[in-house]
Protein chains: 2
Amino acid sequence: MSKIPAYLSGLVGKSVHDIDTPALVIDLDAMKRNLGRMAAFAKKHGIRWRPHAKLHKSVQLAKMQVKAGAVGVCVQKTAEAEIMVAGGVHNVYLSNQVIAPSKLARVAALTQAVAPHGGQLAIAVDSIEGIVRLAQAMTQARTRPGLPGLATVIDVFVEIDVGQGRCGVQPGQAVTLALEISKHPALRFAGMQAYHGKAQHLRSVGERRQAIASAVQAVLAARQQIEAQGMAPGLVTGAGTGTFALETASGVYGELQTGSFLFMDADYAHNERDPVQPHFEHALFVKAQVISAQASHAVCDAGHKSLAIDSGMPQVHSLGGAGGLDYFNGGDEHGILRPAADGKHLPELGQPVWLIPGHCDPTVNLHDAMIGVSGGLLRGTVERIIRVDARGAMT
Amino acid sequence: MSKIPAYLSGLVGKSVHDIDTPALVIDLDAMKRNLGRMAAFAKKHGIRWRPHAKLHKSVQLAKMQVKAGAVGVCVQKTAEAEIMVAGGVHNVYLSNQVIAPSKLARVAALTQAVAPHGGQLAIAVDSIEGIVRLAQAMTQARTRPGLPGLATVIDVFVEIDVGQGRCGVQPGQAVTLALEISKHPALRFAGMQAYHGKAQHLRSVGERRQAIASAVQAVLAARQQIEAQGMAPGLVTGAGTGTFALETASGVYGELQTGSFLFMDADYAHNERDPVQPHFEHALFVKAQVISAQASHAVCDAGHKSLAIDSGMPQVHSLGGAGGLDYFNGGDEHGILRPAADGKHLPELGQPVWLIPGHCDPTVNLHDAMIGVSGGLLRGTVERIIRVDARGAMT
């Protein structure tokens, strides 16, 4: 688990101007408004909400989300689950495939760790082999030295592919896996994971509606086959920041995994806004500084070692009139700034530049900590340093 | 500075098969051969060689390079310089622009830290303002409480733009900056930084030769103007893994900054090989595992949170016949594998997959440590864990 460097912890109480660059900064006021809107949406529609902690990888933010009404968190890696549980978050869904016996032993140990706190572990599967290995690990954990020896049960979601084309069985195979799960006493069939990742980033409202309508049909077909076996269909979990109002409206999904709404990256902001969804504000920024000023361009000190470019370049935030600039790839440690079409002047040497990352999740993963500012980015104050507890926790 | 997680340090002496995934693995035998070839090249041509530590961010590997003949290391960030100096590497060139007074104070402090060890700090500049600020920081450091109060001098290279289009003044402006440097007693004009980053990745030998020929002309023009002022022209530093034999052959460059040759990423391997350059082998890999096996594709557990994709997707290593696969972007935590044109079968659930990263530098920066294996990736043994000391050191 990463430590907070001294130069960051010393910033608390200081001005936003004192933040050295490049640095990952949260506009806490905007983040809290985003959180309030998501929590209100879930409450209004009576739907469970389990935000994905792969976004922030922070125990502190996970607990803040649980306090706001989340039932727990999703994670993508066994190591992330361990960090959340160690930090006191006891309802954790590992929404991914885990195949290595060494990792499954760690997952089984976590079920024992959360049980005394009334917590519950859940996991996704998409193969018979994965189910059998998980059951073995759960059985072995009951008698493994060093563990409490509890007769714990893990919730198991069958992942179906609803259009993402990545993990997940075809919907028609879900019933086979559900039946296999039901054979193992330490496993409890909990429902289906039906996350349509690709649909999140379809630009038009029409395309997203069509994609989720198709996902809902796939879920319904799989559910019918499961019910035909006399099994309870369980919960359907999925949905992201781009489409969650659609999954909610379907009446078929029972749990939303939305994570990115908290920070809202540039990529999500490129989506045509669906009026049925709440509005979310940009709340995560990389503060950079101009370190070279040339006739045709300026260069800032944030490249792709401080912000992720897998979903496109960052946008230059128009803070205090500093906008009107386009960011071009300058390599690992540099960003190249040129006037955008609307023709602003180039920024001066030493001037701060605020960047809206193209993709929040992998950007956060590059940093040891996030600097929480209240009172706005122009005149605000550093309120707290939020550690990225699970940065680099990839196994 | 990042700590080595216990699950990694416990691997020493174990088999390569025991490495949990995803993990960053160095083939130590291949790395040592690469190092030997680079050191032999520099020795044969009587040229200084100062490898860029932004690649590995490791004190241990920096020291290994110095032992092999390097004069020190280059770094790109003040925080990287601090970590190298704290680790005992005392000849450090910060080959980048530093503008913030808070950072320049740290640079000046480093000049005091290395002096008792006979070390020397160097830095690049590309503005009068940058030179004046650096001189102020150097003067202030001489009387700053807590520092030894030595009358240290910093070597200053004027960065000229030889085709990269990023930092650096136009060659004709170099003389103005050189004259400004010479006014400040704590600064010593050391020569020119003339790195052509874009030339490294031009695919054909012809294009690379043309680009470096043009860079050499720019350097010569700038040098002539500096000499016309009665100043010693100093050293010309630059060159990367794609072109260094060309800069060497020019007779104009006196120092090579090559870093990537140590690991050789997939992007550099796409270059047409120039017969004047030594051959380098892939020595850095991400070990991944198949976690989902579908009819049309398999999914492994390494996405762009464990390998950088800014220079393209990783290649699947044809280790033990496991090749014949193409890697497609599966998001932050997944890679999608499909049979390549030559039609191999898909790998099975649980099977290891070795990936050659598209770009080594930002891939290393995602990991806390590199796992050094000797005896090959098929049957080798973990020899040592190499900490990525400066991971995330970005200020």
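Results, tabulated for the structure shown:
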{"quantity": "Total formal charge among the other residues, if their Cβ is under 11 angstrom from that of B:Asp29, Lys/Arg +1 and Asp/Glu -1", "calculated": "-1"}
{"quantity": "Label-point separation in nm, B:Lys44 to A:Glu348, each point 7 Å along Cα→Cβ", "calculated": "5.3"}
{"quantity": "B:Ala86 versus A:Glu207: modelled label distance in nm, points set 7 Å from Cα along the beta carbon direction", "calculated": "4.6"}
{"quantity": "Near-label residues of the stretch B:166-181 by backbone N, under 14 Å of a point 7 Å along Cα→Cβ of B:Thr139", "calculated": "B:181"}
{"quantity": "Whichever lysines have a C-alpha closer than 18 Å to that of A:Lys14, once near sequence neighbours (fewer than 8 apart) are set aside", "calculated": "A:Lys287, B:Lys103"}
{"quantity": "Residue-span extension gain [B:Arg338 to B:Ser182] - 0.36 nm each, minus C-alpha spacing", "calculated": "50.2 nm"}
{"quantity": "Extended-chain gain in nm, criterion 0.36 nm per residue less alpha-carbon gap, A:Lys14 and A:Gln60", "calculated": "14.5 nm"}
{"quantity": "Modelled FRET efficiency - R0 41 Å, B:Met231 with B:Arg37, Cβ distances, 0.05 increments", "calculated": "0.70"}
{"quantity": "Per residue convex hull volume, Cα atoms of the protein assembly as shown, in Å³", "calculated": "160"}
{"quantity": "Partner chain coverage, peptide A:5-15 - average Cβ within 10 angstrom", "calculated": "1"}
{"quantity": "Isotropically averaged projected area of the stretch B:28-262, using the convex hull of Cα atoms (one quarter of hull area), nm²", "calculated": "12.1"}
{"quantity": "Centroid-to-centroid separation of the stretch A:145-205 and the stretch B:246-261 [C-alpha atoms, Å]", "calculated": "54"}
{"quantity": "Positive dipole terminus of the stretch B:1-138, leading residue within B:Met138, B:Val71, B:Ala86 (C-beta point charges)", "calculated": "B:Val71"}
{"quantity": "Relative contact order of chain A, pairs being alpha-carbon contacts under 8 Å that are 6 or more residues apart, as %", "calculated": "23"}
{"quantity": "Burial ordering of A:Val132, A:Val158, fewest other beta-carbon atoms within 10 Å first", "calculated": "A:Val132, A:Val158"}
{"quantity": "In order through the stretch B:273-279: 3J(HN,Hα) via Karplus (6.51 cos²θ - 1.76 cosθ + 1.60), integer Hz, x for Gly, Pro", "calculated": "6, 8, x, 6, 9, x, 8"}
{"quantity": "Shortest-first nm distances, A:His45 label point to equivalent points in other copies (7 Å, Cα→Cβ)", "calculated": "6.2"}
{"quantity": "Ordering of B:92-104, A:63-75 by packing [mean C-beta count within 10 Å, highest first]", "calculated": "B:92-104, A:63-75"}
{"quantity": "In order through the stretch A:349-354: 3J(HN,Hα) via Karplus (6.51 cos²θ - 1.76 cosθ + 1.60), integer Hz, x for Gly, Pro", "calculated": "3, x, 5, x, 10, 9"}
{"quantity": "Computed FRET value (nearest 0.05) for A:Gln224 with A:Leu150, which takes r as the C-beta separation and R₀ as 25 Å", "calculated": "0.10"}
{"quantity": "Surrounding net charge for A:Ser95, when Lys and Arg each add one and Asp and Glu each subtract one, Cβ distance under 13 Å", "calculated": "-3"}
{"quantity": "Expected 222 nm ellipticity per residue - DSSP helices of 4 or more, -39500 (n - 2.57), all of the protein assembly as shown, to 500", "calculated": "-9000 deg cm²/dmol"}
{"quantity": "Spacing of the two label points (7 Å from each Cα toward its C-beta) at A:Ser102 and A:Lys67, in nm", "calculated": "3.8"}
{"quantity": "Net charge dipole size for the stretch B:168-286 [Lys, Arg +1 and Asp, Glu -1 on Cβ; Debye, nearest 20]", "calculated": "280"}
{"quantity": "Formal net charge of residues neighbouring A:Thr111 (Cβ-Cβ distance under 13 Å; K, R +1; D, E -1)", "calculated": "+2"}
{"quantity": "Segment A:Ala295-A:Lys198, length gained on full extension (0.36 nm per residue, minus Cα span)", "calculated": "30.8 nm"}
{"quantity": "Highest to lowest packing among A:303-314, A:347-358, scored as the average C-beta count within 10 Å", "calculated": "A:303-314, A:347-358"}
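Values in this text are rule-based calculations from the coordinates and carry no lab data. Given the structure is predicted, the values throughout are model-derived calculations rather than measurements. We place every Cβ from the backbone using ideal geometry, glycine too, and count neighbours over all the protein chains shown.
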